[in-house]
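Engineer: The structure is given below, and queries will be raised subsequently.
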Amino acid sequence: MTITTDFQVLNPPQRLLMGPGPINADPRVLRAMSAQLIGQYDPAMTGFMNETMARYREVFKTKNQWTMLIDGTSRAGIEAMLVSMLRPGDKVLVPIMGRFGHLLAEIAERAKAEVHTIEVPWGEVFKPEQIETAIKKIKPRVLAMVQGDTSTTMNQPLEHIGDICEANDVLFYCDATASVVGNHLPVDKWKIDAVSIGLQKCLGGPSGSAPITLSDKCADWIKQRKKVEAGIRTVDHVQGIEPFVRSNYFDLGMIMDYWGEERLNHHTEATSMLYCASECARIVIEEGVDQAVARHQLHGGAMLAGVQALGLKVFGDISNKMNNVVAVYIPDEVDGDTVRNQMLLDFGIEIGTSFGPLHGQVWRIGTMGYNARKDAVLQTLSCLDMCLHANGYKGPKGEAALAALAYYK
Ligand SMILES: *Cc1c(COP(=O)(O)O)cnc(C)c1O
């Protein structure tokens, strides 16, 4: 009997993912995902939900009660935040420093908000004064900005932005998908009202779950837009006084009722992703959130030292670079795609290309999550060194991994 290829068992190739995300999942996370399912209202399940909330409070360094998961990739978290925080016509200020700032503006526009943007060139970050001036002029309801934008590798300093928002009665939302755990993000200390993240960067998981946290102030605002579905509504449910959220799936009011005491049915929680998200947080807490940031700083630093020793020019303002990703200009004498393909197909190591204005100009190399490790850094640098020289590179040879080793000493 012949078996057609359609019925072959799934067997992805061995890869070391050293791009800007996704990265290889931690084996402990993969194991957690394969655990058996249980029912939605099983006390074990609601217990896991509460435990997940508690774990992400630690990851975010917050006391926010409303710390929970949105089912979907990071973009689902962004969309849930913006569509729930912004009524049609509400003003939102979006400072744009890369691709993901444009994404926030695009999602806010679809939510029919009045979108105002300010921009800095790719490779730079905003000064707090620039944001303060724009807030004073525009008087938005919400400031929506990215912390770490993988498209440019920049990490926007946020420590003074919360005070500016508080003084001007603006809700502060941040997409920290790429930066969380690789860079400091004390949510309460920095007075950030709403943060959404994903698992596939420094948390060492696959994409598909978006942890979020909401301050009480932000949650109270969203609850004023409350709308309970007819099929589950009781006489005790009171509809909110503000126009309801235009999305059902991403209505954070309903999602709070589902994760809260009432356990009011909304979607069926994506149980395997909840196991996964919870395990990602557990691993980080076990290591220590600050220690995890220090690990990203160490291995990101070694990677930076390595690419510099290889003679590659680093893109952007290095003093504001995220710990977990570096972008380097592709040398003129080599073909970028040929080098990347050789790394992938001959050595099984993936590095990233780029978007928009940087397309074809830089490679992005990540050291994040499970792959923020010495062996992964040294293998990637040796391989890049080899593949550059196999394809006509004229710069230094054999120096990259040695420089990283020296950095670790
Ligand atoms: C990688 C990244 C995302 C990813 O969004 P997905 O929906 O998970 O693909 C979002 N925001 C930022 C800032 C990122 O770097």
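Engineer: Could you tell me what percent of the DSSP beta bridges with both partners in the chain are antiparallel, to the nearest 5?
Structural biologist: 50
Engineer: How high is the relative contact order of the stretch 289-408, in percent, with contacts defined as C-alpha pairs under 8 Å that are six or more residues apart?
Structural biologist: Normalised by residue count, the contact order of the stretch 289-408 is 37 percent.
Engineer: Still on this structure: Indicate the helices, whole DSSP H runs only, in the chain that combine a mean Kyte-Doolittle hydropathy of -1.0 or more with a Cα extent along their long axis of 27 angstrom or more.
Structural biologist: 289-309
Engineer: Can you order the peptides 196-202, 223-229, 319-325, 32-38 by their average number of other Cβ atoms within 10 Å per residue, highest first?
Structural biologist: 196-202, 319-325, 223-229, 32-38
Engineer: I'd like the FRET efficiency for residue 272 and residue 58, computed as 1/(1 + (r/R0)^6) with the beta carbon distance as r and R0 of 22 Å, rounded to 0.05.
Structural biologist: After rounding, the FRET efficiency stands at 0.50.
Engineer: Relative contact order of the chain: what whole-number percent is it, with Cα pairs under 8 angstrom and at least 6 residues apart?
Structural biologist: Rounded, it is 22 percent for the chain.
Engineer: Roughly speaking, what is the centre-to-centre gap between the stretch 345-409 and the stretch 29-106 when only Cα atoms are used, to the nearest Å?
Structural biologist: If we compute the Cα centre of each part, the gap is 32 Å.
Engineer: Using the structure shown, select from 136/313; 201/226; 127/189 the pairs with a Cα to Cα distance greater than 31 angstrom.
Structural biologist: Exceeds cut-off: 136/313; 201/226.
Engineer: Taking 0.36 nm per residue of separation and subtracting the Cα-Cα distance, what length does fully extending residue 229 through residue 346 add?
Structural biologist: 36.7 nm
Engineer: Follow-up. With a ≥ b ≥ c the root eigenvalues of the C-alpha gyration tensor of the stretch 94-167, is it rounded (a/c under 1.5), prolate (a/b larger than b/c) or oblate?
Structural biologist: Oblate, since a/c reaches 1.5 and b/c is not below a/b.
Engineer: Go ahead and estimate [θ] at 222 nm for the chain from helices alone: -39,500 (n - 2.57) per DSSP H run with n ≥ 4, summed, over the residue count, rounded to 500.
Structural biologist: -12000 deg cm²/dmol
Engineer: How many nm separate the modelled label positions at residue 169 and residue 359, each set 7 Å beyond the Cα in the direction of the Cβ?
Structural biologist: Those two pseudo-labels are separated by 4.4 nm.
Engineer: Pulled fully out, how much extra length does the chain show between residue 130 and residue 42, if you take 0.36 nm times their separation in residues and subtract their Cα-Cα distance?
Structural biologist: Using 0.36 nm per residue and subtracting the Cα-Cα distance, I get 26.7 nm.
Read-outs: derived from the displayed coordinates by stated rules, not from any lab. Keep in mind the model is a prediction, meaning the values are calculated, not measured. All Cβ positions, glycine included, derive from the backbone under ideal geometry; neighbour counts span all protein chains shown.
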